[in-house]
Amino acid sequence: EVQLQASGGGLVQPGGSLRLSCVASGFSLDEHGIIWFRQAPGKEREGVSCIDRHGSAWHADFVKGRFTISRDSAKHMVYLQLSDLKPEDTAVYYCATDRVFGIDTARNMARRRASEFELWGQGTQVTVSS
């Protein structure tokens, strides 16, 4: 069955780094891209980074230069390297895709609302605190 699973979160001090992973099963990353969302308590779920089926990446302005998305299609893995972490990065991070929107470009995929994506991982907690 089609499935996503996010992992790699944890507790880190400001300025620290983490690498999140998202493993996809039941479909190829060369056919559908992946988007990372995050949601902090009391806030809306927001798009962070995505990589489309061609391997092109998009990053939100608020993480640009600090986060890097990449993939290993053969391993069905998408990675989100988080560096120079700030307390405001604290959130549950989710990977997601969609049967239709997942075939779009990274830029277009990033403009979709979270509610429009149909396939989600369970999320991994990132906490940035001193």
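The values are calculated or read from the model by the stated rules, or taken from the named source; none is laboratory data. As the structure is a prediction and not an experimental result, all values here were calculated from the model. As a convention, Cβ positions derive from the backbone with ideal geometry for all residues, glycine included, and neighbour counts pool all protein chains shown. Accessible surface areas use protein heavy atoms only, side chains included; no ligands, DNA or RNA. Shrake-Rupley method; radii C 1.70, N 1.55, O 1.52, S 1.80 Å.
Structure notes:
- For the chain, the per residue solvent-accessible surface stands at 52 Å², with DNA, RNA and ligands left out and a 1.4 Å probe.
- When the chain is treated as a Gaussian network with alpha carbon springs shorter than 10 Å, the biggest mean-square fluctuation among Ser49, Ser115, Ser83 belongs to Ser115.
- Per-residue ellipticity at 222 nm computed for the chain from its helices equals -500 deg cm²/dmol, with DSSP H segments shorter than 4 residues left out and the rest contributing -39,500 (n - 2.57).
- For the chain, leaving out every one of the GluC sites (Glu not before Pro) that falls in a DSSP loop and has at most 13 other Cβ atoms within 10 Å, the longest unbroken run is 45-117.
- Here the accessible area of the chain is 45 percent carbon and sulfur, with a 1.4 angstrom probe and all protein chains present.
- Point-to-point label distance, Phe62-Trp120, nm (Cα→Cβ direction, 7 Å offset): 1.8 nm
- Loop-located trypsin sites (Lys or Arg not before Pro) in the range 30-82 (DSSP state not H, G, I, E or B) with no more than 12 neighbouring Cβ atoms inside 10 Å: Lys43, Lys64.
- Alpha-carbon gyration tensor eigenvalues x 5, square-rooted, for the chain, Å: 22, 14, 14
- Distance between the pseudo-spin-label points of Val2 and Ser129 (7 Å out from Cα toward the beta carbon): 3.7 nm.
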